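Notes follow once the structure below has been shown.
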Amino acid sequence: MELLKKIFSPELVNALVESIGLELSKSFGFQFQRDVNWKLSEYVSYARQPLQLRLEPESGNTLAVGSVTELKITLVNRTVGEMLVKNCDLQLSPEISLLEPSKPSYDLEGLKLQPGEAHVMKTQIRAAQIGQARVSARATIVDLRGRPKMVEAPCVLSIVEREGRLSTGSSVADGLLLGGLPRRSAVLLTSAACDEKDDLVQGFCGIAPGATVYVSSDMERSIQLQKLYPELSIVVSSPQADLLPATKFTQVSRSLRDISEIADLLTHASRPSMTTALEF
């Protein structure tokens with residue numbers, strides 16, 4: 001649109017925009033908003049998915065194995081006309097079992113949704129086994145042009161053994177690690193230098209700073225974490241270790257090669273049940 005405005009007059013472009021919007025609304029049944037900031041991609045989205053289909057819990061959530069959870073399916077008519085919904089089916093991977101109702105198919109008996117109206121269905125699911133569970137809801141509708149159309153909403157849930165897991169502070173990382181870091185274990189996470197890695201370390205240290213030991217050779221990062229979490233125990237191994245303000249929670253070594261000294265400092269900083277985060 002910006003390119004057209006450079007070639008033609010604003011009045012002509014605005015008239016063209018409104019004409020396109022009106023034609024799209026007539027063809028696909030949604031209401032055209034006379035807004036100078038309208039986006040064609042939003043109207044294409046309406047055309048592709050006139051029925052909004054939502055699942056709760058949303059994709060990315062974590063469930064404990066053996067737990068029973070309510071699954072909510074919401075159907076919303078996004079058009080300006082009455083919509084006929086014929087049925088809705090659930091597709092479940094082996095990690096999830098359906099409790100109630102026992103059948104994954106809903107015969108909606110010709111449910112008619114008015115513009116903007118929502119219809120909610122609820123079911124009970126059980127987290128059957130550890131892994132990445134896939135849930136998909138598929139609804140068959142008759143659009144405003146009388147044609148059948150299937151709308152699908154996929155969802156991925158992490159089924160984890162909650163006992164013995166320690167959260168990383170990131171729901172995304174917890175999902176990938178099936179609930180978090182295993183307790184009483186050593187886990188190596190590697191990545192290139194990036195903001196996401198820094199955010200993960202900061203989030204992990206922020207869960208229980210009084211029960212965490214942070215070990216690093218990065219002075220700038222150590223000073224930043226010390227300001228954020230004064231109770232965080234920090235072990236720094238760096239020639240510039242004197243730059244870190246001395247507190248009862250800090251242990252410093254000016255050598256990067258003296259493993260014995262670093263090990264002694266780590267032992268002095270650690271207490272039973274504490275978690276250690278090393279970043280180099």
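The values are calculated or read from the model by the stated rules, or taken from the named source; none is laboratory data. The model shown is predicted, which means the values in this text are computed figures rather than measured ones. As a convention, Cβ positions derive from the backbone with ideal geometry for all residues, glycine included, and neighbour counts pool all protein chains shown. SASA here: full protein model, heavy atoms, side chains in, ligands and nucleic acids out. Shrake-Rupley method; radii C 1.70, N 1.55, O 1.52, S 1.80 Å.
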Residue in segment 207-222 that is closer than 28 Å to residue 132 by Cα and open to solvent by 30 Å² or more (accessible area, probe 1.4 Å) present: yes
Residues located in segment 65-94, provided they are touching a residue at least 60 places away in the same chain (Cβ under 8 Å), more than 22 Å from residue 115 (Cβ to Cβ) and open to solvent by 30 Å² or more (accessible area, probe 1.4 Å): 65, 66, 67
The one condition residue 201 fails out of (1) at pLDDT 75 or above; (2) open to solvent by 50 Å² or more (accessible area, probe 1.4 Å) is (2)
Can you pull out the residues in segment 88-132 that are over 26 Å from the mean Cα position of the chain (by Cα), among the basic types (Lys, Arg) and modelled with pLDDT of 90 or more? 112
Of the residues in segment 95-108 that are open to solvent by 80 Å² or more (accessible area, probe 1.4 Å) and touching a residue at least 12 places away in the same chain (Cβ under 8 Å), the one that is farthest from residue 149 (Cα to Cα) is 100
Restricting attention to segment 126-151, the residues that are open to solvent by 80 Å² or more (accessible area, probe 1.4 Å) and either out of contact with any Gly (no Cβ under 9 Å at 6 or more places or on another chain) or assigned to a strand (DSSP E or B) (or both) number exactly 7
Consider residue 216 carefully, then state whether it is over 22 Å from the mean Cα position of the chain (by Cα), farther than 27 Å from residue 63 by Cβ and among the small types (Gly, Ala, Ser). yes
What tally of residues in segment 224-251 results from selecting those that are closer than 13 Å to residue 202 by Cβ and open to solvent by 10 Å² or more (accessible area, probe 1.4 Å)? 5
Taking segment 252-265 on its own, how many of its residues are touching a helix residue (DSSP H, G or I) at 6+ places or on another chain (Cβ under 9 Å) and open to solvent by 70 Å² or more (accessible area, probe 1.4 Å)? 2
Residue 172 - would you say it is loosely packed, with under 14 Cβ neighbours inside 10 Å, touching a residue at least 40 places away in the same chain (Cβ under 8 Å) and under 30 Å from residue 211 (Cα atoms)? yes
Determine whether segment 42-54 contains at least one residue that is at pLDDT below 70, over 30 Å from residue 105 (Cα atoms) and open to solvent by 70 Å² or more (accessible area, probe 1.4 Å). yes
Among the residues that make up segment 109-121, is at least one of them open to solvent by 20 Å² or more (accessible area, probe 1.4 Å) and without any contact (Cβ under 8 Å) to a residue 24 or more places away in the chain? yes
Qualifying residue in segment 178-192 (condition: open to solvent by less than 70 Å² (accessible area, probe 1.4 Å), under 30 Å from residue 159 (Cβ atoms) and in contact with an Asp or Glu (Cβ under 7 Å, 6 or more places away or on another chain)): yes
Only one of 190, 168 is over 18 Å from residue 66 (Cα atoms), β-branched (Val, Ile, Thr) and touching a Leu at 6+ places or on another chain (Cβ under 8 Å). Can you tell me which? 168
